[in-house]
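Engineer: Take a look at this one; I'll ask things after.
The values are calculated or read from the model by the stated rules, or taken from the named source; none is laboratory data. Here the structure is a predicted model, which is why all the values come from computation and not from measurement. Reconstructed Cβ throughout: ideal geometry from the backbone, glycine too, with neighbour counts over all protein chains shown.
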Amino acid sequence: MRVYLAAAAALLLQRADALTFPKFELRKPPPAPAPAPQKKLSLFGPTIRKAQIADLEPLAETRLQASPFAAGYAIASRKEAGEKLSDLFCRGIEKGDTVCYLAMENDDIIGSCDVTVRKRLGRGLPKHAYLKNLFVDEAYRRRGIGGKLVAACAEEARRWDVCTLALEVENDNDQAARLYERLGFEEKASLASFESLWRFETFFYGRSILWKANDGVRSSRGAWF
């Protein structure tokens, strides 16, 4: 009996030696993509101006490259992007309360920002100028272009006699948050809490709203209307 057990054990050892097992190696995470090379600006820097109907096609292309969710829409094609932007401009022109500003460099759009009037946001924020879709081409960032676009939108809001500026930011977008803080958007509230649902009548996970007084415009008792 012992002989049979010894023989069986020897056979198992031989088969075990013949077996090969896969090697497991820890894979290193892929390196972060290199930042886009900085491009030189012209002598006088970019021109900030209002967008026109002729800008619709290149603006749609720019926003589609920047984000598939530009203007709050899940844009799936350039045609859809153009249609959404066209609708935005037509409504803005008709009502006179929506404008898009562009940063132009050598006839190319390198940045944009929209501003529109909102009567209120729940109980927490009365009538205000709402800034959205702020974008600057990666190759031209850290040159103050975002600040110039926001300043142009603020000036437009002054013409509308709107005393508060507001915008929203993703909580994980630290670079944008720092920019807005430098521009004076110090008031902040989360949109992802039960308090925000009561206060602003909206709920948006991972997003906050920031606002500030629009310099040069007096607050009025009728700001809620």
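Engineer: If we keep just the residues of the range 169-195 that are under 20 Å from LYS148 (Cβ atoms) and under 14 Å from the mean Cα position of the chain (by Cα), which is surrounded by the most Cβ atoms within 10 Å (Cβ to Cβ)?
Structural biologist: This residue is TYR180.
Engineer: For the range 107-123, name all the residues that are surrounded by fewer than 18 Cβ atoms within 10 Å (Cβ to Cβ) and either part of a loop (DSSP other than H, G, I, E, B) or touching a helix residue (DSSP H, G or I) at 6+ places or on another chain (Cβ under 6 Å) (or both).
Structural biologist: The answer is ASP107, LYS119, ARG120, GLY122, ARG123.
Engineer: Right, next: Which one is surrounded by the fewest Cβ atoms within 10 Å (Cβ to Cβ), of the residues in the range 196-225 that are at pLDDT 90 or above and in a helix (DSSP H, G or I)?
Structural biologist: Going through the qualifying residues, I end up with TRP198.
Engineer: If you go through the range 92-122 one residue at a time, how many are of a type in the set (Lys, Arg) and either under 15 Å from the mean Cα position of the chain (by Cα) or modelled with pLDDT under 90 (or both)? Explain how you work it out, then say what you get.
Structural biologist: From the range 92-122, those of a type in the set (Lys, Arg) are 95, 118-120; that's our starting set.
With either under 15 Å from the mean Cα position of the chain (by Cα) or modelled with pLDDT under 90 (or both) added as a condition, the list becomes 95.
Total satisfying the criteria: 1.
Engineer: Next up: Only residues that are assigned to a loop (DSSP other than H, G, I, E, B) and out of contact with any helix residue (DSSP H, G or I) (no Cβ under 7 Å at 6 or more places or on another chain): list them for the range 124-139, please.
Structural biologist: To start, the set of residues in the range 124-139 that are assigned to a loop (DSSP other than H, G, I, E, B) comprises 124, 126-127, 137.
Result: ASP137, single match.
Engineer: On to the next question. Could you list, in sequence order, all residues of the range 175-193 that are in contact with a Gly (Cβ under 8 Å, 6 or more places away or on another chain) and assigned to a helix (DSSP H, G or I)? Spell out the reasoning first.
Structural biologist: Of the range 175-193, the ones in contact with a Gly (Cβ under 8 Å, 6 or more places away or on another chain) are 179, 182-183, 189, 192.
LEU179, ARG182, listed by residue number.
Engineer: Do you know which residues across the range 78-106 are of a type outside the set (D, E, K, R) and not in a helix (DSSP H, G or I)?
Structural biologist: Answer for the range 78-106, where residues must be of a type outside the set (D, E, K, R) and not in a helix (DSSP H, G or I): GLY96, THR98, VAL99, CYS100, TYR101, LEU102, ALA103, MET104, ASN106.
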